[in-house]
Amino acid sequence: MKKGIKEGLKVALGTVSADALDLIINQIEKIFRGMGMARQNGITIEDVLKMECMERSKIIAGFGGIKNTVSRVNIMADPDILNWVSEGELLLTTAYALTNDVEFQKKFILSCSQKKLSGLGIKIYPYIEKLDESVIELANSISFPIIDLYYATPFSEIITPIFKEIFNKQAILLQRLENVHESMMNIILKGGSIEEIINVVYENIKNPLILKLNYPEKNILKLDGVEEDAKEKLKKNFEEFYTKNKGIFEKKFYESVERIQGKNVSRMVMPIVVKNTIYGHIFSWAMNTPLGGFDLSVLEIASTTMAVEILKLLSLREVENTHKIEFIEDLCSNDEKRKKKAEGSFSIYNFSLEDMFCYIIVKIKRSYKKADLNLYSDNIYLSNILEEILSKLKLNGLVVGRKDQIDILLCFKRDEDVKRRINVFKDEVLDLFNKKIFLEYKIGVGRCLKGIENIEKSFKEAQKSIRAVDILNDRNIVLYDNLGVYKLLCNEEIKDEIMDFYRSTIEVLDDYDSKKSTEFVKTLKTYFEYNGNLKRMSEVLYTHYNTILYRLQRIKEITGLDVEKENDRLCLHLALKIRDVIKN
């Protein structure tokens, strides 16, 4: 099987490396080998009651658990059996083994339910007349089935037929899983879509499904056959998984019981993992039929199949992104040969030499600690969304994902309303990143300048604007046009002169504060912030008016500069802004 699949995948995923291909094959084979084994499949309590061996037996409590899956049968000789039972077992016993102690019976039934047994078959007659009503009520309240077994039917005549039925069911399910696997592999090999894969899952699980993918960004809902009110409840439950679950980035399968329309409903959530990063989840709720081992295996196969498709898209994206990075670096190079080479690719991106170009840099940092997540993959995902924004706004541009940032080069014709269109794009980008609660970001926007020769200039302006984000620290985005005096202070070409000015003005004040634990720099900043209003300074610094006067006098003595003199005041104010640049 491995050779056939590998050859087929090579055709379908031409750009995927050999190591990645082997990884995919191993994942698929692992799931295929474990089909139906990750969790025991079987028959339901309802199926058991319809069998010939049970025709004189009847369920007397726990009717809500009639759909419980029976994966095997066990016999109880004494209560210690609970130390060795397995999930999904139907436990057979007699009322004699349970004793006449009602409290013991209730405790035992509760323990059976907690052990996730499928149900309890009891030969009540001739040992006792009937189970106490409080025992029946308990079983009903926890939906744990209790079957009154016909006293004359030997346990062996119950166990053998049930095991045979379970085996037959397992064989049928394995065949169905093989068909599911084959269907999904055919979809991949024929270049089918993720929607087709979800259709196969939905046809086999026969329960509501929701697929959420981050890349390519998709939400696919399969909620047919569910009442409108229930649909809304499922959608809300789906959304709450991401808003309330702090561990959503863990690469694990989730299973829980959710409250939907006043009922307890089993839910399975299967992660889709590619390159050690979660790209989405498949949700299913047991609204129509119970979710068991077969359903889990279908979700596993679907998850791996989608991972293959995503890996193909990522591989293509990475190749494309590499070419874009090379193109951008050639454009911003001082080497004329590289610039000429880039000009040769202008037509590919619908650029011309006379166009106007605006460079934007988005720096990204995660605000959560997850070393196993891939920031580069996040950038590919975000780059894809940014390209969709460009398309929506009918803007011509280039989006390039790097390890810790995304570069955007916008291109405009001369007759376009450039300023307005950049502002519209900026607002869309801010809206996007403000929704990404696990990402910290800062954005620098260079000016829109004419000609290829000025792309490098706009790029450097975007870099200066990024630096100013930390200095201004009251916004996430800075436009170079709005930098004011920081245009000069962030200029690398006069960095030495800037440093000399700082050293000759307030560096001595910084040193004094460090050594003496004073607050002269803070006082000076407050002075300029409140235009020398000593009363306001006193309120803000929680300091007496006379103390403010004393500090200003000491600043004069330490720096040799007097805030009362115009030139000195300008030097001190400028020095503080330089200090902001240096310290950030």
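The values are calculated or read from the model by the stated rules, or taken from the named source; none is laboratory data. Only a predicted model underlies this, so the values are computations on that prediction, with no experimental measurement involved. We place every Cβ from the backbone using ideal geometry, glycine too, and count neighbours over all the protein chains shown. In case anyone asks, the SASA skips ligands and DNA or RNA and just uses the protein heavy atoms, side chains included. Shrake-Rupley method; radii C 1.70, N 1.55, O 1.52, S 1.80 Å.
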- Query: What 222 nm value per residue comes from the helices of the chain, counting each DSSP H run with n ≥ 4 as -39,500 (n - 2.57) and dividing by all residues, nearest 500 deg cm²/dmol?
  - Reply: -16500 deg cm²/dmol
- Query: Just how large is the dipole of the chain about the Cα centre, in debye to the nearest 20, putting +1 at every Lys and Arg Cβ and -1 at every Asp and Glu Cβ?
  - Reply: 800
- Task: Work from the charge dipole of the stretch 283-363 (Cβ charges, +1 for Lys and Arg, -1 for Asp and Glu, about the Cα centre) and give the residue of Ile360, Leu331, Thr289 farthest towards its positive end.
- Result: Leu331
- Item | Length released on extending from Ala77 to Lys206, taking residue separation times 0.36 nm less the Cα-Cα span | 42.5 nm
- Message: What does the charge count around Pro271 come to, taking other residues whose C-beta lies under 9 Å from its C-beta (Lys +1, Arg +1, Asp -1, Glu -1)?
- Response: +1
- Show me 170-178, 347-355 ranked by packing, highest mean number of other Cβ atoms within 10 Å first. 170-178, 347-355
- Message: Using +1 at the C-beta of Lys and Arg and -1 at the C-beta of Asp and Glu, which of Asn396, Ile66, Ile558 has the Cα lying farthest in the positive direction of the dipole of the chain?
- Response: Ile558
- Message: To make sure I understand the rule: partners must be aspartates and glutamates, Cα under 19 Å from the Cα of Lys457, and not fewer than 8 residues away in the same chain. Which ones qualify?
- Response: Glu326, Glu329, Asp330, Asp335, Glu336, Glu343, Glu354, Asp355, Asp407, Asp481, Glu492, Glu493
- Kindly state, to the nearest 0.05, the FRET efficiency for Asn434 paired with Lys236, given R0 = 35 Å and r defined as their beta-carbon distance. 0.95
- Query: When only DSSP loop residues count, what GluC sites (Glu not before Pro) in the stretch 233-338 have their Cβ near at most 13 other Cβ atoms within 10 Å?
  - Reply: Glu250
- Task: Determine Rg/Rh for the stretch 441-488; Rg is computed over alpha-carbon atoms and Rh is the Kirkwood hydrodynamic estimate from the same atoms.
- Result: 0.99
- Item | Mean separation of Cα contacts under 8 Å (6+ apart) over length of the chain, as relative contact order % | 10
- Item | For the stretch 77-142, size of Cβ-based charge dipole, Lys and Arg +1, Asp and Glu -1, in debye | 160
- Task: Enumerate the helices in the chain for which the Kyte-Doolittle hydropathy averages 0.0 or more and the C-alpha atoms extend at least 27 Å along the helix's axis, using complete DSSP H runs.
- Result: 155-189, 293-331
- Item | Average accessible surface area per residue within the stretch 207-344, 1.4 Å rolling probe, Å² | 45
- Query: Taking a 20 Å limit on the Cα-Cα distance, which of the listed pairs Lys392/Lys435; Lys67/Lys123; Lys435/Lys464; Lys340/Lys392; Lys222/Lys275 fall beyond it?
  - Reply: Lys67/Lys123; Lys435/Lys464; Lys340/Lys392; Lys222/Lys275
- Summarise the accessible area of the chain (1.4 Å probe, protein heavy atoms) by the percent that is carbon and sulfur. 49
- Going through Lys365/Lys487; Lys251/Lys403; Lys525/Lys583 one by one, the pairs whose alpha carbons sit over 19 Å apart turn out to be Lys365/Lys487; Lys251/Lys403
- Message: Test of understanding: what is the full-extension gain from Asn219 to Ile136, defined as 0.36 nm times their sequence separation minus their Cα-Cα distance?
- Response: 25.4 nm
- Accessible-area ranking of Phe425, Phe167, largest first, probe 1.4 Å: Phe167, Phe425
- Message: Ranking request for peptides 563-569, 358-364, 311-317: highest mean number of other beta-carbon atoms within 10 Å first, then the rest in descending order.
- Response: 358-364, 311-317, 563-569
- Task: Check the straight Cα-Cα distances from Lys106 and name the aspartates and glutamates below 18 Å, setting aside those fewer than 8 residues away within the same chain.
- Result: Asp78, Asp80, Glu129, Asp132, Glu133, Glu137, Asp148
- Message: If I compute Kirkwood radius over Cα pairs in Å from the structure I just sent, which labelled value in (i) 27.0; (ii) 28.1; (iii) 30.0 lines up?
- Response: (iii)
- Query: With every protein chain present, what accessible area does Arg475 have (1.4 Å probe, heavy atoms only), rounded to the nearest 10 Å²?
  - Reply: 100
